[in-house]
4 protein chains.
Amino acid sequence: MTDSTKKSAILLIHCLDKPGLVVAITDFIHNNGGNILYLDQHVDSERGVFFMRIEWDLKKFAIQQDKIAEYFETLVASRYQMTAQLHFSDTKLRMALFVSKMSHCFYDLLARYESGELNVEIPVIISNHADLQHVAERLDIDFHCIPVTKNNKQQQEEKQKELLQQHHIDFIVLARYMQVLSDDFVKCYPQRIINIHHSFLPAFPGGRPYHSAYERGVKIIGATSHYVTAELDAGPIIEQDVVHVSHKDSVEDMVRIGRDLEKIVLARAVRHHVHHDLLVYENRTVVFE
Amino acid sequence: MTDSTKKSAILLIHCLDKPGLVVAITDFIHNNGGNILYLDQHVDSERGVFFMRIEWDLKKFAIQQDKIAEYFETLVASRYQMTAQLHFSDTKLRMALFVSKMSHCFYDLLARYESGELNVEIPVIISNHADLQHVAERLDIDFHCIPVTKNNKQQQEEKQKELLQQHHIDFIVLARYMQVLSDDFVKCYPQRIINIHHSFLPAFPGGRPYHSAYERGVKIIGATSHYVTAELDAGPIIEQDVVHVSHKDSVEDMVRIGRDLEKIVLARAVRHHVHHDLLVYENRTVVFE
Amino acid sequence: MTDSTKKSAILLIHCLDKPGLVVAITDFIHNNGGNILYLDQHVDSERGVFFMRIEWDLKKFAIQQDKIAEYFETLVASRYQMTAQLHFSDTKLRMALFVSKMSHCFYDLLARYESGELNVEIPVIISNHADLQHVAERLDIDFHCIPVTKNNKQQQEEKQKELLQQHHIDFIVLARYMQVLSDDFVKCYPQRIINIHHSFLPAFPGGRPYHSAYERGVKIIGATSHYVTAELDAGPIIEQDVVHVSHKDSVEDMVRIGRDLEKIVLARAVRHHVHHDLLVYENRTVVFE
Amino acid sequence: MTDSTKKSAILLIHCLDKPGLVVAITDFIHNNGGNILYLDQHVDSERGVFFMRIEWDLKKFAIQQDKIAEYFETLVASRYQMTAQLHFSDTKLRMALFVSKMSHCFYDLLARYESGELNVEIPVIISNHADLQHVAERLDIDFHCIPVTKNNKQQQEEKQKELLQQHHIDFIVLARYMQVLSDDFVKCYPQRIINIHHSFLPAFPGGRPYHSAYERGVKIIGATSHYVTAELDAGPIIEQDVVHVSHKDSVEDMVRIGRDLEKIVLARAVRHHVHHDLLVYENRTVVFE
């Protein structure tokens, strides 16, 4: 979608819909010498909310890169009560990987990282187990084993936060990290913690959803990737997909099939985040693709 | 799957797994001159239960058609505590259609019926509204408008049951019939009432699931067809499928997209029932395809 | 996507990409009192071509409806060498249905028409067989049986064209019409004839693709809907989808499964056309959804 | 599907259909004390061919493991002109990986191997480039760089065959190995070389299929895994799947999306092969799942 050879700026904007928004934004870019590379705009008519992703080439842009945010805020955003995020295509986000013992998402993300597909830096991996330390070492990524129990959760999360700060982490990916993060922790990284979990049609509450799904003979299993919020597994959905199963699939088969789905869905969600393709409004993502 | 020009018998069998089951069944057919056209057998190793669908050509079969059930019961099923259903490929099932105002599944099933795709008789349509009477009349199908309210439910269901008996109905399809059937009614047609409803990943409880799904920005909507049991929408699943949606789809769009899915999923479920392709064990279907 | 209660104008635009396009278009609408309801813009960076779909509310728009095309052409399009189409949301397109003996797409489109889902007028149905005449009559749609052979093709196509003109037809849907239209006929309705056909992975040339696909044991069958061009089945693709099959599916099963897919894919393509959601550039559609 | 803790035998059988086949096979197992764990039988009525996969527990089986093939051949297969393959669940197949520079399938298979998901031994990796040598070394897998050109193809293939023999290789996976194998080489490993390639709806011949698909605006891209035969990319299909794309996806996007699909489809195909879930008849696979 984005031409990676150009240096560009990306604005993600939302506000109440009113006449003149598109013109105000495009004029700001155009009048200052920016060439629009991408524009996707969408009005949610049920809520009356305007959403836009706009990207422009910075080569001949008259405003200095570190002044763009201030100028846009003063000249456009404040007049229309816009909420705007500004990103630059040449800034590599710094991602922390949280992992437990289940390794399928972990291996998949690292293979994408190593092959250059995933445009991020991964300076640190945090786990509550030491099992995957050797994999991190191979790739020269800092690995920290920080076991979390009910009693030490607060102090261990402090250690985690320190590490994240030291490494200037922009966002966190929970690659099947089997711990619930505290509300305090989550609040430090709003819309910047990505989780993956299995999903079913219909939902099966309780601790053994694959067993319940099997008991009712579901024909489809799914995976959902979302931003983590204080309410467990109820944050805005980034990406979902499903696969078909049959009565011949045992619980074990379903778990294996689910793993393959989880890794693809998580990788797509991470990609959307890294490319600044999405915007969160209330509890809902708007994904520009 | 089944060659429709041959006259064949179909057995659907389940019992606790033990050695010798396949041999006992195949010997019964083979020794009496039957040629096996189809055999699918499956052991659920988590429950230790054996499932089989077997179909054979009746042309040279030594046992008279109306005696097969008795002979099989005596010679095989009773010895192994099998639960068996016997069907014949040349018997057309008689199907009743229950409908309300929403017509998408209704039109779709009738078009399949009229074009000969659906191998059933549809002698009667029952609705709580008169809106679709003219469509039934065009096709010379008996149409009864039986409005159900909280107060008259019991007596109206009696009328419905009388009609079903008069028309020798084998099974009922709820083509978006917006009434909850009473437990008494459901018990008269065990595993013979097929329903269709939308499903989401994850599930959204409450009366306006499309709105809730929209609020959280789901990327996938689904439909589930199942046999009706006393517990609402918790019966054994026959068929499921999904479609992808995006943040650009309004609640109205999602409803429309869901309709297209519902009609396909319901038609597939009806087809499985009509072809005796499935078997219910506990709350789970085994679909032989 | 479009709020059906508002009266709006829709512009579909393409031209070589250059700075200032978005501003010029949005200024035209904004300065004349139009409120933008929908804007989707896309630059094909491989070809350097700009595409846009923009829709605005006409309530307070200063330019009279029948003058908008002229004003836009003079003030904007001609300056930037834009190719633009203008549509109005309150104009119902007039659609002709061409059909042969296979009725699945035909029934499906008519059910959508009758239930109000398909926002068109269908004044005329043309077939080379009389088989489905009774269905047309039920719905009071003019039905013409015009059998086409190698020898009479030219004169029969003349009859068809006369009928299409009499009925002021805007576009034609080939709902499994098994005749190849002549180049002359196709040229009269550029990007206004929609066809549906099955597709396979990989493709199987020759007259019996389902048989060839079966022979190689394909696991997926597909359907493609496209605009008809002079080159057979090579026109711009509007919509595609697939379903999974297995070795247990006979050629007959695959044909049946393919039919269900064809009707859904064709209906989606017709919907895109009717909603002015798509634009053709060279041999490629840009679908704004 | 298969309980991995039991030691079992698996027979894959095909022959012309005739009465008594199932009984003959199940009697052989039953009469010698074998308990049938899995039986799937299918008659291809278009060709009159019988296919079966049957698996039984060896714990109490009266015939010694290394004599089963001979006994079955003598007592059953030869009488009915069956073609039968015998496998044992506790034999790990030895797999060679052929790779070039594109690493997505390579990384994915190795991650599954390392995490224990893929029940094989991988003693050797062969490549025409040295790029991925360091990855093989990390996992202590023998890596050989054997560059193939037009002129040295025959002698390099001889080297490859020697390596495969030294390592007692059972089957080969071409994980995006960009060389065409000679007919002679292919004949040494009939139905034992698995390839993966992209597929489109419809097919786009020529050297740049992604570009051609892009030119016509395809909405779906696919991947097909198949056994390699003398005719290029025309061998029996093992597994296929697709993903949806849009006009917004550049050729580069389509390539990236295609890679994710290829790795999943190839892994599923390898799994089927390793589990002895499939059988080839003429140019078609029968996949028992």
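Would you confirm, using the coordinates I've provided, whether D:Gln155 is loosely packed, with under 13 Cβ neighbours inside 10 Å, assigned to a helix (DSSP H, G or I), more than 14 Å from every other protein chain (Cβ to nearest Cβ) and over 24 Å from the mean Cα position of the chain (by Cα)? Steps first, please.
Working: loosely packed, with under 13 Cβ neighbours inside 10 Å: yes; assigned to a helix (DSSP H, G or I): yes; more than 14 Å from every other protein chain (Cβ to nearest Cβ): yes; over 24 Å from the mean Cα position of the chain (by Cα): yes.
Yes.
What single numbered condition from (1) part of a helix (DSSP H, G or I); (2) open to solvent by less than 70 Å² (accessible area, probe 1.4 Å); (3) within 23 Å of B:Cys105 (Cα to Cα) fails to hold for B:Glu137?
Unmet condition: (2).
Being assigned to a loop (DSSP other than H, G, I, E, B), more than 11 Å from every other protein chain (Cβ to nearest Cβ), surrounded by fewer than 15 Cβ atoms within 10 Å (Cβ to Cβ) and without any contact (Cβ under 8 Å) to a residue 24 or more places away in the chain, is that true of even one residue in the range D:48-70? Steps first, please.
Narrowing the range D:48-70 to residues assigned to a loop (DSSP other than H, G, I, E, B): D:48, D:58-64.
If we keep only those that are more than 11 Å from every other protein chain (Cβ to nearest Cβ) too, we end up with D:48, D:58-59, D:61-64.
Restricting the remaining residues to those that are surrounded by fewer than 15 Cβ atoms within 10 Å (Cβ to Cβ) gives D:48, D:59, D:62, D:64.
So of that shortlist, the ones also without any contact (Cβ under 8 Å) to a residue 24 or more places away in the chain come out as D:64.
Yes, the range D:48-70 contains at least one residue that is assigned to a loop (DSSP other than H, G, I, E, B), more than 11 Å from every other protein chain (Cβ to nearest Cβ), surrounded by fewer than 15 Cβ atoms within 10 Å (Cβ to Cβ) and without any contact (Cβ under 8 Å) to a residue 24 or more places away in the chain.
Take the residues in the range D:16-47 that are polar (S, T, N, Q) and assigned to a loop (DSSP other than H, G, I, E, B), then tell me which one is least open to solvent (accessible area, probe 1.4 Å).
First, the residues of the range D:16-47 that are polar (S, T, N, Q): D:26, D:31-32, D:35, D:41, D:45.
Add one more test, that the residue is assigned to a loop (DSSP other than H, G, I, E, B), and what stays is D:32, D:45.
Details: D:Asn32: 42, D:Ser45: 83 Å².
Among those that are polar (S, T, N, Q) and assigned to a loop (DSSP other than H, G, I, E, B), it is D:Asn32.
For residues in the range B:272-281 being part of a loop (DSSP other than H, G, I, E, B) and open to solvent by less than 30 Å² (accessible area, probe 1.4 Å), which is nearest to the other protein chains (Cβ to nearest Cβ)? Steps first, please.
Just the residues of the range B:272-281 that are part of a loop (DSSP other than H, G, I, E, B), to begin with: B:275-277.
Within this subset, residues satisfying the condition of being open to solvent by less than 30 Å² (accessible area, probe 1.4 Å) are B:276-277.
Numbers: B:His276: 15, B:Asp277: 11 Å.
So the residue we want is B:Asp277.
With the condition kept exactly as written, say whether any residue in the range D:261-271 is open to solvent by 20 Å² or more (accessible area, probe 1.4 Å), touching a Leu at 6+ places or on another chain (Cβ under 8 Å) and not in a strand (DSSP E or B). Outline the logic, then answer.
The initial filter retains those residues of the range D:261-271 that are open to solvent by 20 Å² or more (accessible area, probe 1.4 Å), namely D:268, D:271.
Still in the list and also touching a Leu at 6+ places or on another chain (Cβ under 8 Å): D:271.
Retained after the next criterion (residues that are not in a strand (DSSP E or B)): D:271.
Yes; the residues of the range D:261-271 include at least one that is open to solvent by 20 Å² or more (accessible area, probe 1.4 Å), touching a Leu at 6+ places or on another chain (Cβ under 8 Å) and not in a strand (DSSP E or B).
Restricting the search to the range B:1-15, which residues are under 21 Å from the mean Cα position of the chain (by Cα) and in a loop (DSSP other than H, G, I, E, B)? Let's see the steps before the verdict.
If we filter the range B:1-15 for residues that are under 21 Å from the mean Cα position of the chain (by Cα), which is where we start, we get B:1-4, B:8-14.
Across the range B:1-15, the qualifying residues are B:Met1, B:Thr2, B:Asp3, B:Ser4.
Taking the criterion of being in contact with a strand residue (DSSP E or B) (Cβ under 6 Å, 6 or more places away or on another chain), more than 10 Å from every other protein chain (Cβ to nearest Cβ) and touching a residue at least 40 places away in the same chain (Cβ under 8 Å), would at least one residue in the range C:15-38 satisfy it?
yes
Considering the range C:113-133 alone, what residues qualify as being in contact (Cβ under 8 Å) with a residue 40 or more places away in the chain, open to solvent by 10 Å² or more (accessible area, probe 1.4 Å) and under 30 Å from C:Gln65 (Cα atoms)?
Of everything in the range C:113-133, those that are in contact (Cβ under 8 Å) with a residue 40 or more places away in the chain, open to solvent by 10 Å² or more (accessible area, probe 1.4 Å) and under 30 Å from C:Gln65 (Cα atoms) turn out to be C:Leu118, C:Asn119, C:Pro123.
Among the numbered criteria (1) of a type outside the set (Val, Ile, Thr); (2) touching a residue at least 60 places away in the same chain (Cβ under 8 Å); (3) in contact with a strand residue (DSSP E or B) (Cβ under 8 Å, 6 or more places away or on another chain), which one does B:Met178 miss?
Status for B:Met178: all satisfied but (3).
Among the residues that make up the range B:212-220, is at least one of them surrounded by 23 or more Cβ atoms within 10 Å (Cβ to Cβ), at the interface with another protein chain (Cβ under 7 Å from one of its Cβ atoms), more than 22 Å from C:Val243 (Cα to Cα) and free of Cβ contacts under 8 Å to residues at least 60 places away in the same chain?
Yes, the conditions are met somewhere in the range B:212-220.
Going by the structure shown, is B:Phe98 within 24 Å of B:Thr285 (Cα to Cα) and of a type in the set (Phe, Trp, Tyr)? So that I can check it myself, show each step before the final result.
On the way: within 24 Å of B:Thr285 (Cα to Cα): yes; of a type in the set (Phe, Trp, Tyr): yes.
Yes, satisfied.
Applying the selection to the range C:78-93, what residues are farther than 30 Å from C:Pro123 by Cβ and in contact with a helix residue (DSSP H, G or I) (Cβ under 9 Å, 6 or more places away or on another chain)? Full working, then the answer.
From the range C:78-93, those farther than 30 Å from C:Pro123 by Cβ are C:78-82; that's our starting set.
Of everything in the range C:78-93, those that are farther than 30 Å from C:Pro123 by Cβ and in contact with a helix residue (DSSP H, G or I) (Cβ under 9 Å, 6 or more places away or on another chain) turn out to be C:Arg79, C:Tyr80, C:Met82.
Do the conditions hold for D:Ala96, that is, is it assigned to a strand (DSSP E or B), surrounded by 20 or more Cβ atoms within 10 Å (Cβ to Cβ) and of a type in the set (A, V, I, L, M)? Step through it out loud before you land on a result.
Numbers: assigned to a strand (DSSP E or B): yes; surrounded by 20 or more Cβ atoms within 10 Å (Cβ to Cβ): yes; of a type in the set (A, V, I, L, M): yes.
Here the answer is yes, as D:Ala96 does meet what is asked.
Among (1) more than 11 Å from every other protein chain (Cβ to nearest Cβ); (2) over 20 Å from D:Lys248 (Cα atoms); (3) surrounded by fewer than 22 Cβ atoms within 10 Å (Cβ to Cβ), which single condition is C:Ala9 missing?
So C:Ala9 meets the others, but not (3).
Taking only pairs six or more apart or across chains, which ones have beta-carbon atoms under 8 Å, a first residue in the range D:262-279 that is on the phi > 0 side of the Ramachandran plot, and a second residue that is open to solvent by 20 Å² or more (accessible area, probe 1.4 Å)?
Close Cβ pairs satisfying both conditions: D:His276/D:Gln85; D:His276/D:His87.
Got at least one residue in the range D:229-246 being among the acidic types (Asp, Glu), within 26 Å of the chain's Cα centre (by Cα) and open to solvent by less than 20 Å² (accessible area, probe 1.4 Å)?
First, the residues of the range D:229-246 that are among the acidic types (Asp, Glu): D:231, D:233, D:239, D:241.
Subset that is within 26 Å of the chain's Cα centre (by Cα): D:231, D:233, D:239, D:241.
Narrowing further to those that are open to solvent by less than 20 Å² (accessible area, probe 1.4 Å): none.
Within the range D:229-246, not a single residue is among the acidic types (Asp, Glu), within 26 Å of the chain's Cα centre (by Cα) and open to solvent by less than 20 Å² (accessible area, probe 1.4 Å).
Name the residue that is farthest from the other protein chains (Cβ to nearest Cβ), counting only residues in the range B:109-134 that are of a type outside the set (A, V, I, L, M, F, W, C), assigned to a loop (DSSP other than H, G, I, E, B) and under 16 Å from B:Lys92 (Cα atoms). Write out each step before concluding.
We begin by selecting, within the range B:109-134, every residue of a type outside the set (A, V, I, L, M, F, W, C); these are B:112-117, B:119, B:121, B:123, B:127-129, B:131, B:133-134.
Checking which are assigned to a loop (DSSP other than H, G, I, E, B) leaves us with B:115-117, B:119, B:128-129, B:131.
Add one more test, that the residue is under 16 Å from B:Lys92 (Cα atoms), and what stays is B:115-117, B:119.
Working: B:Ser115: 5, B:Gly116: 10, B:Glu117: 7, B:Asn119: 12 Å.
Per the stated criteria, the residue is B:Asn119.
For B:Leu163, only one of the following conditions fails: (1) under 30 Å from A:Pro209 (Cβ atoms); (2) surrounded by fewer than 22 Cβ atoms within 10 Å (Cβ to Cβ); (3) not acidic (Asp, Glu). What is its number?
It is condition (1) that B:Leu163 fails.
For the range C:247-260, name all the residues that are more than 7 Å from every other protein chain (Cβ to nearest Cβ) and either surrounded by 20 or more Cβ atoms within 10 Å (Cβ to Cβ) or not in a helix (DSSP H, G or I) (or both).
C:Asp249, C:Met254, C:Gly258, C:Arg259, listed by residue number.
Quick one: would you say A:Val124 is at pLDDT 95 or above and among the aliphatic types (A, V, I, L, M)? It would help to see each step written out before you state the result.
On the way: at pLDDT 95 or above: yes; among the aliphatic types (A, V, I, L, M): yes.
Spelling it out, A:Val124 is indeed at pLDDT 95 or above and among the aliphatic types (A, V, I, L, M).
Kindly indicate whether C:Val286 is under 14 Å from the mean Cα position of the chain (by Cα), hydrophobic (A, V, I, L, M, F, W, C), at the interface with chain D (Cβ under 9 Å from one of its Cβ atoms) and open to solvent by less than 10 Å² (accessible area, probe 1.4 Å). Show your work before the answer.
Working: under 14 Å from the mean Cα position of the chain (by Cα): yes; hydrophobic (A, V, I, L, M, F, W, C): yes; at the interface with chain D (Cβ under 9 Å from one of its Cβ atoms): yes; open to solvent by less than 10 Å² (accessible area, probe 1.4 Å): yes.
In short, yes.
Within the group D:Lys18, D:Lys67, D:Lys7, D:Lys60, which residue is among the basic types (Lys, Arg) and at pLDDT below 90? Even if it seems obvious, please write down each step before you answer.
On the way: D:Lys67 fails: at pLDDT below 90; D:Lys7 fails: at pLDDT below 90; D:Lys60 fails: at pLDDT below 90.
Answer to the check: D:Lys18.
How many residues are assigned to a loop (DSSP other than H, G, I, E, B) and open to solvent by 50 Å² or more (accessible area, probe 1.4 Å) if we restrict to the range A:171-206?
Step one: filter the range A:171-206 for residues assigned to a loop (DSSP other than H, G, I, E, B), giving A:176-182, A:189-192, A:201-206.
This time we only want the ones that are open to solvent by 50 Å² or more (accessible area, probe 1.4 Å), so: A:178-180, A:190-192, A:205-206.
Selection size over the range A:171-206: 8.
The values are calculated or read from the model by the stated rules, or taken from the named source; none is laboratory data. Since we're looking at a predicted model, the values are computed, not measured. Cβ: placed from backbone, ideal geometry, glycine included. Neighbour counts: every protein chain shown. In case anyone asks, the SASA skips ligands and DNA or RNA and just uses the protein heavy atoms, side chains included. Shrake-Rupley method; radii C 1.70, N 1.55, O 1.52, S 1.80 Å.
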